[in-house]
Structures are given as C-alpha cells and as structure tokens.
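Quick note: the coordinates plus some simple rules give every number you see, no bench work behind them. Keep in mind that this is a model prediction, so the values were computed, not measured. Here the Cβ positions follow ideal geometry from the backbone for every residue, glycine too, while neighbour counts run over all protein chains shown.
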C-alpha cells in the first residue's frame, strides 16, 4: 500500500476514535443533565465510531500494513444545550464525511482498488450518520417555549436506539 495512503488511513483511525471520544463527552453531559435517553443514543454512537476505527484497523492489518496509533485530543466537555450538542454532532459528521471523501479520492488517484472498494461502505455510512443527526436536530428545533415535555418525550424515544 502506498505510504501516503497508509498515513491517511492511520489518521482516520485516530479520527474515528476521537469521534467516539467526543460523543462519550456528550453522553457525559447528557447524564449530568438527567437526559439518559440522549446519553444512551450517544453511547451507541460511541460504539459505532469504535467499530469504524476497528474496520480500518483490520483492513490495514489484512493488507500487511502496520497500524500506528496516534494521540487522541481531549474532546470538548462543556455545552450550553441539547440543541448545541446536535448542531456540533451534525457539523462533526460533515467533517468526517469530508475526511472519508478525501481518503477515497486519494485511493482512487493511486489506483488502490481494494481501498476504494473498502471505503464505499464508509461513504454510505456517512450518509446515514448525517441523516440521523439532522433528523434529531430538526426535531429539537421544533421544540418551542419551555419545551420540557417535548424534550422528555424525545429523550424517551432516543433511549430506544439499538446498538
């Protein structure tokens, strides 16, 4: 595998783990706010991000490439609202989509067909990730006034997410 592609894959493993760490921080905020359904949704998201990192980890190992783990920066820990968290979640997923797209473009430019085929799954996955964050954010935006009853109902709905 091309050295530059190896490096970008290793970077993306770090990025996927950092995503999970960010979502775990958001889950901690939700727990502190007594919004256990939101916290549960984020914890499921953490597992998904870890799964994404492990898929890349295994892919590199399958190709005989040494995985080089990198430091994960501390995530943001303070948030002002549920709405802000989901705005940040959507923005973060769009950032990840851009990173995956760049990784795919690099794999195509150097004719690494196995990497290009492997990355198709991630491209499709990012459509789902952005859709889920958008749907929740748009629902939150519909909550007007005090909105505590609607927020509690949404919290209960998000608690049903399966991992």
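Here are the numbers for this structure:
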{"item": "Subset of the range 14-38 (residues that are crowded, with 22+ Cβ neighbours inside 10 Å and farther than 15 Å from residue 75 by Cβ)", "result": "35, 38"}
{"item": "Checklist (1) over 14 Å from residue 23 (Cβ atoms); (2) surrounded by 18 or more Cβ atoms within 10 Å (Cβ to Cβ) applied to residue 135, failing item", "result": "(2)"}
{"item": "Condition broken by residue 60, with the remaining ones in (1) without any contact (Cβ under 8 Å) to a residue 60 or more places away in the chain; (2) not in a helix (DSSP H, G or I) satisfied", "result": "(2)"}
{"item": "Scan of the range 79-101 for residues that are over 15 Å from residue 136 (Cβ atoms) and not in a helix (DSSP H, G or I), ordered by number", "result": "80"}
{"item": "Filter pass, residue 51 being without any contact (Cβ under 8 Å) to a residue 12 or more places away in the chain, surrounded by fewer than 13 Cβ atoms within 10 Å (Cβ to Cβ) and in a helix (DSSP H, G or I)", "result": "no"}
{"item": "Residue in the range 31-43 that is nearest to the chain's Cα centre (by Cα), counting only those that are assigned to a helix (DSSP H, G or I) and farther than 15 Å from residue 136 by Cα", "result": "43"}
